[in-house]
1. Just the projected area, averaged over all directions, of the convex hull on the alpha carbon atoms of the chain: how many nm²?
2. How many angstrom separate the Cα center of the range 420-486 from the Cα center of the range 19-97?
3. At a threshold of 8 angstrom on Cα-Cα distance, excluding pairs fewer than six apart, so keeping six or more, what relative contact order does the range 39-149 reach in percent?
4. Below 8 Å between Cα atoms, with a sequence gap of 6+, how large is the relative contact order for the chain in percent?
5. Would you mind checking the radius of gyration and Dmax of the range 56-155 based on alpha-carbon positions, in Å?
6. Round to the nearest 0.05 the FRET efficiency obtained for LYS450 and LYS301 when R0 = 51 Å and r is the Cβ-Cβ distance.
7. Along the positive direction of the dipole of the range 180-278 (beta-carbon charges: Lys, Arg +1; Asp, Glu -1; about the Cα centre), which of VAL230, ILE213, ALA274 reaches farthest?
8. Mean shadow of the range 339-444, computed from the convex hull of its alpha carbons, in nm²?
Amino acid sequence: MPVKFEFAFANTATPAGGVAVIFSTTGTALSGLSSIGAQGAVAKAVDLSKFKGKALASVDLIAPHDSPADRILVIGIGEADKITAHDWLKIGGTVASKVKTAEAVTVYLDIPGLTLTPRQVADFALGMELNVYAFDRYKTKKSDDDTKETDKVTNVQIVTEQSVDAAFAVTKAIAEGVILARNLVNEPANVLGPVEFAAQAKALEALGVEVEILTEVEMTELGMGALLGVALGSERPPRLAVMQWKGGAEGEKPIAFIGKGVTFDTGGISIKPAAGMEDMKGDMGGAAAVTGLMHVLASRKARANVVGIIGLVENMPDGKAQRPGDIVTSMSGQTIEVINTDAEGRLVLCDALWYCNERFQPQFMVNLATLTGAVLVALGTAHAGLFSNDDALSEKLTAAGLATQEKLWRLPLGKDYDKMIDSKFADMKNTGGRYAGSITAAQFLQRYVKDTPWAHLDIAGTAMSSPTDEINQSWASGFGVRLLNELVASHYEH
Ligand code: BES
Ligand code: MN
Ligand code: ZN
């Protein structure tokens, strides 16, 4: 059955049954010992297991009979001066992975020699929430011995000296935004098409986000021939969702995030091979990240003006589908020869970027897209590709990536690559040949941003199907939500 954690924070706690979680930094005393009793027996067990407090090392003990706890979980947090902000999420995630079956958990974060900030305590809880997330809504039988359909709620009492309510409100917003993004990406495409995705964006109105949904009628009037061309082969009509969060000063130019939302990518007439095609339900990871981000910013009432735009289409082969060789006219007026109908993401994004720039004249635009398989060849799953016309924006994004461990690696742009997408028949073609596939895709997008500071994040390797870790056990990672929230929080709020 699905597990949910309910958190409470206080500086005193009496564990009655359940798991007591205690910590130590390398070579120092354990937290919580005086409260859980049986100090001698615990110290001996910890000693015998050669536990030294190394980061994320653990010892799991059945509690001695004179302890009020049932289980005692000992967690190492490494050297006190080496713990990063992100480490608290990993520590929380590690604890969560070990207490999922517990009835109640008492966490002793009053660690000797270490005073945690409220945000560090809240980040610990965030790590727990992100770890425990599982997309199991379609499992009618959660496990062999399962009879219950309801969530199992585990009460987590965190023992801390700090008053953490404000910080916890922020991390709760982050958890919800990441989980929204993961849910959107994990959801199968028969359930989540463009119209259904747009409804999820519309639901952000409940948080104070202004949301407009453009249909094919408005998009036709705007001349979005590139985006609309992709949608031709699908029975399901396209949508463009425009989300505005106005938390900043009135009249201040917004910052803008744009997402690729291909709810399923068959490749179209240039159809993909069958093996692995099911993964293309996640080809809306960019749009999911933007939607999750807007959720976070609105929930925590970010003091910034932010626009989120997502282009939602399904790429299907059909009698009405566009063909290789077709020429479409984008909203910008530039014409595109469609060499490969599977290079559809850039066709969706080019109209979304142009529209965003024209309508909002934003301070900058950052787009996110599961754009190319080639970025997996270049960077694997450990970094998303970063492409930008602006060094300052790139540096801010890279730093936010290091802070959140949603890491970015910048790749080049330039004239030599740009000319690879010149077309014999139109202003440009939608593929650049075998080499430098991620870069030529980025060059294509750059033709739609004028001089506005812009960055493109190719998240094909990081949004889904990447290795699980302490804070994500799910196929969809929610990549980009924490990264961009960090970018906004550290540079664009006053
Ligand atoms: N959605 C894919 C890219 C992708 C691949 C995302 C693997 C996630 C995992 C994109 O639309 C695509 O098909 N790109 C082509 C471009 C090519 C036709 C120029 C690709 O990467 O092969
Ligand atoms: Mn494709
Ligand atoms: Zn695609």
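Bear in mind these aren't lab numbers, they're just calculated from the coordinates by the rules spelled out. The structure displayed is predicted, hence computed values, not measured ones. Note that each Cβ is placed from the backbone with ideal geometry, even for glycine, and that neighbours are counted across all protein chains shown.
1. On the way: hull surface 97.2 nm².
Across all orientations, the chain yields a mean hull projection of 24.3 nm².
2. Going from one Cα centre to the other spans 42 Å.
3. On the way: 109 pairs, mean separation 23.8, N = 111.
Normalised by residue count, the contact order of the range 39-149 is 21 percent.
4. Numbers: 1209 pairs, mean separation 76.9, N = 494.
16 percent.
5. Just the Cα atoms of the range 56-155 yield Rg and Dmax of 15.6, 47 Å.
6. Numbers: r = 32 Å, r/R0 = 0.62.
After rounding, the FRET efficiency stands at 0.95.
7. Ranked along the dipole, the leading option is ALA274.
8. Details: hull surface 29.3 nm².
Convex hull of Cα atoms, orientation-averaged projection: 7.3 nm².
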